[in-house]
1. Report the local net charge at TYR83: Lys and Arg +1, Asp and Glu -1, summed over other residues whose C-beta lies under 11 Å from its C-beta.
2. Report the calculated FRET efficiency for LYS142 and VAL17 (r = Cβ-Cβ distance, R0 = 35 Å), to the nearest 0.05.
3. Which of PHE96, PHE69 has the fewest other C-beta atoms within 10 Å, and how do the rest follow up to the most?
4. Please express the shape of the stretch 26-151 as an equivalent ellipsoid: the semi-axes are the square roots of 5 times the eigenvalues of the C-alpha gyration tensor, given largest first in whole angstrom.
5. So which chymotrypsin sites (Phe, Trp or Tyr not before Pro) in the stretch 7-40 end up in coil per DSSP with only 14 or fewer other C-beta atoms within 10 Å?
6. Return the loop-located chymotrypsin sites (Phe, Trp or Tyr not before Pro) in the stretch 98-179 (DSSP other than H, G, I, E, B) with at most 15 other Cβ atoms within 10 Å of their own Cβ; answer none if there are none.
7. Between ASN77 and ASP37, what length comes free when the chain is fully extended (0.36 nm per residue of separation minus the Cα-Cα distance, one decimal in nm)?
8. Of the GluC sites (Glu not before Pro) in the stretch 90-160, which ones lie in a loop per DSSP and count no more than 12 other C-beta atoms within 10 Å?
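Just so you know, all these numbers are worked out from the coordinates, no wet-lab data involved. Predicted, not measured: the structure shown is a model, and the values here were computed from it. Positions of Cβ are backbone-derived with ideal geometry, glycine not excepted, and every protein chain shown enters the neighbour counts.
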Amino acid sequence: MLTYLKWAFWITFWGFVLAILHYTLPQNDIVRIVDTDVRRVDFGENSLFWAQQDVGQEGTTTRNRDIRFIDTVRAKNGKVMVYRNEDTGWGWPPYFKLDSSNLQAEANDLMSTKDNPQWVSLRHYGWRNEFLSIFPNAVHVKPVEGPDHRVINWFNIIFLTICAAIAWAIRVRWVRFRERRIDPVMERVEDNLEAAGDAVAERRGRFRRWLDSWKSK
């Protein structure tokens, strides 16, 4: 039972870590921008997946505000994808994005039609979920040569490599600490328990032999 609980804990823990990394780390899509607009959004249970009001603006409510959106068509499968365009400010995730207005102007300038497409690489973080009405947040946009343009996300590669190295170093040090400090203590405890068990068994044996001696009289 304890083994199943242990596996359930670690699966849940690492699944949570991977979900945070997948949501937070930047991703790049090759898309064609078809429209941009600003819509009033009323926040509900999905407010966790929205950023914040533009940095420097005060006196706004937290239940609703105007949100910039960028409507696109993906080059890979031709499906539409809608991105929000919000400042992250100094909060989480740490993109320190303060230029959502400039990004909206760049997106407007890069709009194109199906007959004369202008493909762009749009960097973003977050998820798109129609059921929860959440959108990925656009971070950067730049024109590319065509729909087959390939983007290598060096930041993710370097970041994940560093995280793996740190996790490996922590595990190595933990194993060494356990072998030097914890395992000897546990072995002594087990030896003491076994010795105590043997002593109890010996006492029980003596008592039974004493009873048998009385029965035989």
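1. +1
2. Step by step, r from the Cβ atoms, then E = 0.70.
3. PHE96, PHE69
4. Its equivalent ellipsoid spans semi-axes of 25, 15, 13 Å.
5. Sparse-neighbourhood loop chymotrypsin sites (Phe, Trp or Tyr not before Pro): none present.
6. Loop-located and lightly packed - TRP127, PHE131.
7. 12.1 nm
8. Answer in residue order: GLU130, GLU145.
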